[in-house]
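*Asks:* The structure follows.
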């Protein structure tokens, strides 16, 4: 029997996340080169973006069909990113039904959003910037979905965070936009810390961070260790998917242009957490406490999203809270161990929400009746209504519990810095700035105790250098040689005279005899 | 293949000598094409080179003077190949950066190509006599390049440079002749000399090694022998400074590594001396660089400090340290090349090198600012730059030998950070100086040059694996001699 041969080698999957990233770089290059503005620039950007993403979609579909017919390649190891001693950062991808399926759906949604935004963003000032962000995001999410290990996933995770920060702050001249971008980014950093912690722990206890190692090693770990690793990953998933207690950032994220909201918060990025946890199923099976926590937080978020969604008065927020509560349901499924169900739910929900978000700007025209008010029972319970309207005061609570103490700590540290450290290593910032502005003559100057020590030693070493080492350079070497030359010329002139030559010859003869 | 590498710039120099001297543009383009072809050929060498093989490869040997036992024999291994790449790259960059040379153009490019040929000869020679010939051959073009195209004090600087180097190479020549005398078949071949040297009594070996150390130490430069360096670097035209600090200094350390292979017992006996000299150079160069107001003098002194890392790596005589030494040669070549390139371009525009004269250049020359800041970051050995990888290896190697003493290396890194930040601050922040307004930013060819060098530094810092493997294979053979 003839063995069917795959059309594309499994390694080719690396192209899928690479192409949108290359597209982002190209657009950036265009912009730096002064092109990428005006009608022709927009056309070039459109061609680059659509070309890259259509190519990715084609690639993924080929892989998908190939996998369905010939079987999934599974974990594809492509060597090391770098290695040192007995630990290594692998460059590996996972090609199975879940990753390829969700990746091709994701790219399809991304394509739709990109095509939509070509018209939506037409003649906007930040056209190029917007598409750099979108392409970065498309590359990032594909890295997350196709990664065969935690470090590649982390890279993609950060790229998504960066792109999201760029696009929330798209209208950077508005203070609220920048503030919201910062807030969303910072909340996500908490999740990143969890991801880093989980990676460090799995290096420590399992000796690797690729999925097969985690899968094989998890059953052998004590429950506490497995739970700690899982907790790190779960924190990251909760933050990215805007589950409680991290939910408030996603409302602020709506500040970005509508197509980016559709792609990030409506359709794709919120499901990244679900995907990560579904990928880590075997690990979660070893950590029942954490699974329970996931289910609990998911259920709470679902209720929270449902309640808060009722009282939203704008279409984007209402859609967003509906999304959050659906994702909460997925987390419940994950917590109960129904990973496949969660993955299917995520894929279908993503498609549906993307359509809803993209049509959100036209809802006002589509509706002929006024929107429904909040239901009767909610209006009856005034306290619940207020709580929902205030989004359960989550953000002020976080401020009070986290931001204010951090600020106080920072103030104390600053006082310490001003009074002790500055005296040791240099002046305070304010003094230095005034000094910099007033006197510019004194270039070489040591500040503080350490700086003065350096200046003192430099001064003495320089004197040594001038006296001893550079003396040759000051011409005394050449002077010495000159003196030697004059003296030799004198000897020679003596020798030229016959009587001295005779004396020399006689002396030589005497010596020889 | 190596023969062609040497012949390309040599024939190119001949070709340029045949061109009419008035056609400055044509001469410059011809020189660019020739050095570009040499660069391409040196990269093409990689295809014939087997990196898993530790011994020298691509051997070519022709008898030269059979009665004397000298041969025209060329070969490269994992230690010299990176330096060959560095030399061809920097020679290309130096020619690219020579747009500011307006007078006596023909002679200038001719000498630069001759210099390139001689430098490549030093790195590929497998015969000590040939090595010495090429070593001295670098002096001729350099003397004229500094003496005719340099700054105000150029005559003094050129003379000083040649006297210093000649003084050092006298010791080297005597040592080589004595080694030749001791070699069994009276041959200058590096392997034959080594066989003869191993049979010598240890005191003789130590004496010979010290003589070689003086010869190579002047070039490197090691602490008390660096008197020529600040003056020469300040006065030399900037493209020549690129070659001086980028490659000429590496000839010294390259020779020293070959000397440890030839006289291993002496190297082991003098390990403490080498380490002390390295530590002194590290801190001394750093502190003096911190003291300078002249931009070029600062970079020159920082070279002393950076070459201290190389010496430290060599002194460890173990695998990690030697890898660090070779890596640092490459890293410093790239970084010093970038810094001198940029300092030269700035001088061309402002005609001042005093740090106090600059201010807020970032608004006037954003591209220049970007590359300068990147270069200073790389020079200070931040993670992600080639210098970091090199210093890390030297640190690990040094720690294996001497434990806590290597903290001095960290101290010098700290000092280099201090002057790097101060310089960046002086150049790009503060009140704008009215004299600095309206300066043109980097042109396309200048940017290409800066981009190539910075890309090299960063690429080697982010993905050092292949280069480290290449170096490690050959260095492993050396480290085995010393049981580490």
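*Asks:* Is at least one residue of the range A:96-113 part of a loop (DSSP other than H, G, I, E, B), buried (at least 18 other Cβ atoms within 10 Å of the Cβ) and touching a residue at least 40 places away in the same chain (Cβ under 8 Å)?
*Replies:* no
*Asks:* Which residue out of A:391, A:447 is at pLDDT below 75 and either away from chain B (no Cβ under 14 Å) or more than 30 Å from residue A:322 (Cα to Cα) (or both)?
*Replies:* Only one candidate passes the filter, namely A:447.
*Asks:* Need the failing condition index for residue B:450 against (1) under 22 Å from the mean Cα position of the chain (by Cα); (2) more than 18 Å from residue B:295 (Cβ to Cβ); (3) more than 12 Å from chain A (Cβ to nearest Cβ), just the number.
*Replies:* The number of the failed condition is (2).
*Asks:* Considering (1) away from chain A (no Cβ under 12 Å); (2) surrounded by fewer than 23 Cβ atoms within 10 Å (Cβ to Cβ); (3) touching a helix residue (DSSP H, G or I) at 6+ places or on another chain (Cβ under 7 Å), say which one residue B:280 fails and leave the rest.
*Replies:* The one condition residue B:280 does not meet is (1).
*Asks:* Taking the range B:208-254 as the region of interest, how many residues are assigned to a helix (DSSP H, G or I) and either within 14 Å of another protein chain (Cβ to nearest Cβ) or free of Cβ contacts under 8 Å to residues at least 24 places away in the same chain (or both)?
*Replies:* 13
*Asks:* Which count do you get for residues in the range A:366-398 that are in contact (Cβ under 8 Å) with a residue 60 or more places away in the chain, assigned to a helix (DSSP H, G or I) and closer than 16 Å to residue A:318 by Cβ?
*Replies:* The number of residues fulfilling the criteria is 5.
*Asks:* Against the conditions (1) within 14 Å of chain A (Cβ to nearest Cβ); (2) under 21 Å from the mean Cα position of the chain (by Cα); (3) surrounded by fewer than 24 Cβ atoms within 10 Å (Cβ to Cβ), where does residue B:155 fall short? Just the number, please.
*Replies:* Tallying (1) within 14 Å of chain A (Cβ to nearest Cβ); (2) under 21 Å from the mean Cα position of the chain (by Cα); (3) surrounded by fewer than 24 Cβ atoms within 10 Å (Cβ to Cβ), residue B:155 fails exactly one: (2).
*Asks:* Right, something else. If residue A:70 passes every condition in (1) closer than 15 Å to residue A:137 by Cβ; (2) in contact (Cβ under 8 Å) with a residue 60 or more places away in the chain; (3) surrounded by fewer than 16 Cβ atoms within 10 Å (Cβ to Cβ) but one, which one does it miss?
*Replies:* (1) is the only condition that residue A:70 fails.
*Asks:* Taking the stated definitions as given, is residue A:305 surrounded by 24 or more Cβ atoms within 10 Å (Cβ to Cβ) and over 26 Å from the mean Cα position of the chain (by Cα)?
*Replies:* Yes; evaluated as a whole, the condition is true for this residue.
*Asks:* While we're on this one: If we scan the range B:459-472, do we find a residue that is away from chain A (no Cβ under 14 Å) and either outside any loop (DSSP other than H, G, I, E, B) or modelled with pLDDT under 85 (or both)?
*Replies:* Checking the range B:459-472: at least one residue is away from chain A (no Cβ under 14 Å) and either outside any loop (DSSP other than H, G, I, E, B) or modelled with pLDDT under 85 (or both).
*Asks:* Is there a residue in the range A:42-64 that is at pLDDT below 85, assigned to a helix (DSSP H, G or I) and under 24 Å from the mean Cα position of the chain (by Cα)?
*Replies:* Taking every residue of the range A:42-64 in turn, none turns out to be at pLDDT below 85, assigned to a helix (DSSP H, G or I) and under 24 Å from the mean Cα position of the chain (by Cα).
*Asks:* How many of the residues making up the range A:483-505 are out of contact with any helix residue (DSSP H, G or I) (no Cβ under 9 Å at 6 or more places or on another chain) and either modelled with pLDDT under 80 or more than 14 Å from chain B (Cβ to nearest Cβ) (or both)?
*Replies:* 16
Rundown of residues vs (1) within 18 Å of the chain's Cα centre (by Cα); (2) farther than 24 Å from residue A:326 by Cβ; (3) free of Cβ contacts under 8 Å to residues at least 24 places away in the same chain, yes/no style:
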{"position": "A:199", "(1), (2), (3)": "yes, yes, no"}
{"position": "A:222", "(1), (2), (3)": "no, yes, yes"}
{"position": "A:226", "(1), (2), (3)": "no, yes, no"}
{"position": "A:232", "(1), (2), (3)": "yes, yes, no"}
{"position": "A:235", "(1), (2), (3)": "yes, no, no"}
{"position": "A:250", "(1), (2), (3)": "yes, no, no"}
{"position": "A:258", "(1), (2), (3)": "no, no, no"}
{"position": "A:267", "(1), (2), (3)": "no, no, no"}
{"position": "A:272", "(1), (2), (3)": "yes, no, no"}
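*Asks:* Just wondering, is there one or more residues in the range B:264-286 that are more than 24 Å from residue B:402 (Cα to Cα) and part of a helix (DSSP H, G or I)?
*Replies:* No.
*Asks:* Shifting gears a bit: Which residue, of B:320, B:300, B:315, is away from chain A (no Cβ under 14 Å) and outside any loop (DSSP other than H, G, I, E, B)?
*Replies:* Answer to the check: B:315.
*Asks:* Exactly one condition in (1) in contact with a helix residue (DSSP H, G or I) (Cβ under 8 Å, 6 or more places away or on another chain); (2) over 19 Å from residue B:337 (Cβ atoms) is false for residue B:473; which is it?
*Replies:* (1)
The values are calculated or read from the model by the stated rules, or taken from the named source; none is laboratory data. Since this is a predicted model, take the numbers as computed values, not measurements. Every residue, glycine among them, receives a Cβ derived from its backbone with ideal geometry; neighbour counts consider all protein chains shown.
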